[in-house]
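As structure tokens, the structure follows; a few thoughts come after it.
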Amino acid sequence: MRPILRWAGSKRRIVSKLADYWNASGSTRYVEPFAGSAALFCSIEAKRAVLGDMNGDLISMYEPVRDHPNRVANALHRWAGEKDEYYEVRATLPESLAPEVRAARFLYLNRWCFNGIYRTNKLGHFNVPFGGNRVGPSVTREDLLRFSKLIRWTLLVPGDFSETLTHVEPGDFVYLDPPYSIQGVRVFNEYVSGGFGASDLQRLRLHLENLHSKHCRFLVSYADCEEGRALGQGFKIDVVEVTRNVGGFRSRRRKAREILIHN
Ligand SMILES: C[S@@+](CC[C@H](N)C(=O)[O-])C[C@H]1O[C@@H](n2cnc3c(N)ncnc32)[C@H](O)[C@@H]1O
């Protein structure tokens with residue numbers, strides 16, 4: 001199935017290439033510590049999974065979608081997607097809402113905001129402007145019911161990737177899609193305050209070594225750059241070509257190389 005979110009850095013366009021590495025038996029557990037919209041997970045429809053992300057609002061949205069998809073759909077479909085309404089919904093404090101309305105608010109803002117970006121101000125309030133009408137179809141009740149079924153047996157973990165990796169067991173398949181950190185190059189990696197930097201990449205490298213010694217198969221996608229090559233040193237590295245929208249605009253596309261690190 002398709003993800004229920006638009007997400008910066010989503011791997012929607014290369015899922016068919018990524019899926020070749022999954023190639024697992026039906027009982028293999030899938031773990032994704034930088035889940036975002038979890039495009040690969042949705043595509044392979046893994047039966048058992050652990051999904052984690054540092055964005056706590058994202059994980060708090062997935063929980064009611066998993067447990068009460070109809071209630072989320074009822075709340076979501078009260079809104080039409082108009083500009084004034086968008087700013088009204090954006091101004092409501094998520095803490096003041098019931099979990100399923102809060103999840104609907106997250107989905108609504110994600111659908112109608114500019115470029116599907118998640119960005120908050122210093123107070124932690126979502127502050128992305130209205131994106132206009134070029135945002136594609138809204139999530140339907142059927143999408144939510146299907147996704148709910150897909151994540152029925154999924155453990156959801158809010159927090160740093162190291163937290164999700166504490167749940168990994170021998171035999172699991174781990175897909176890691178961290179934000180890019182490339183020296184001297186401006187890339188969108190402000191998913192969470194503080195961003196993702198060189199020290200995070202070093203931590204990640206140690207976790208890859210740990211996964212390898214635990215007999216877990218892993219796959220990492222990263223930009224083809226010095227930092228990515230260092231992250232994968234000593235493991236297998238394949239190169240794929242991807243088409244990216246420059247600044248999020250579909251009319252301005254360019255080709256880029258990404259690497260897939262695996263063991
Ligand atoms: C490139 S996106 C992942 C996209 C995802 N593969 C998809 O298909 O949508 C990176 C994700 O990592 C999350 N993130 C950033 N720093 C993190 C950290 N230290 N630990 C866990 N997740 C983090 C962001 O919130 C974002 O959702």
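Quick rundown of the values:
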| read-out | value |
| --- | --- |
| Selected from Gly81, Gly52, Gly124 as most flexible by GNM, with the chain as the system and alpha-carbon contacts under 10 Å | Gly124 |
| Potential lengthening between Ile182 and Arg257 on full extension [0.36 nm per residue; Cα-Cα distance subtracted] | 25.6 nm |
| Unit charges on C-beta of K, R, D, E only; dipole of segment 56-151, Debye | 180 |
| Heavy-atom accessible area order for Lys255, Lys17, largest first, 1.4 Å probe | Lys255, Lys17 |
| Under 11 Å from the Arg146 label point (7 Å along Cα→beta-carbon), backbone N, segment 1-45 | 1-4, 43 |
| Listed pairs Lys17/Lys83; Lys47/Lys214; Lys149/Lys236; Lys47/Lys236; Lys17/Lys47; Lys214/Lys255 exceeding 31 Å between Cα atoms | Lys17/Lys83; Lys149/Lys236; Lys214/Lys255 |
| Relative contact order (%) - criterion: Cα under 8 Å, at least six apart; region: segment 88-144 | 27 |
| Solvent-accessible area per residue for segment 56-151 (1.4 angstrom probe, square angstrom) | 52 |
| Whole-Å distance, taken between Cα centres, linking segment 33-52 and segment 120-157 | 14 |
| FRET efficiency for Lys83 and Thr120, using Cβ-Cβ distance with R0 set to 22 Å, rounded to 0.05 | 0.60 |
| Packing-based order for 172-179, 97-104, using average beta carbon neighbours within 10 Å, highest first | 172-179, 97-104 |
| Accessible surface of the chain, 1.4 Å probe, proportion on carbon and sulfur as whole % | 49 |
| Rounded tilt (10° steps) of 56-67 against the dominant C-alpha axis of the chain | 70 |
| Rel. contact order, % - alpha carbon contacts under 8 angstrom, at least six apart, segment 56-151 | 35 |
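The values are calculated or read from the model by the stated rules, or taken from the named source; none is laboratory data. Quantities reported herein were computed from a predicted structural model and do not represent experimental measurements. Cβ coordinates were reconstructed from backbone atoms using ideal geometry, including for glycine residues, and neighbour counts include every protein chain displayed. With ligands, DNA and RNA removed, areas are computed over all heavy atoms of the protein, side chains included. Shrake-Rupley method; radii C 1.70, N 1.55, O 1.52, S 1.80 Å.
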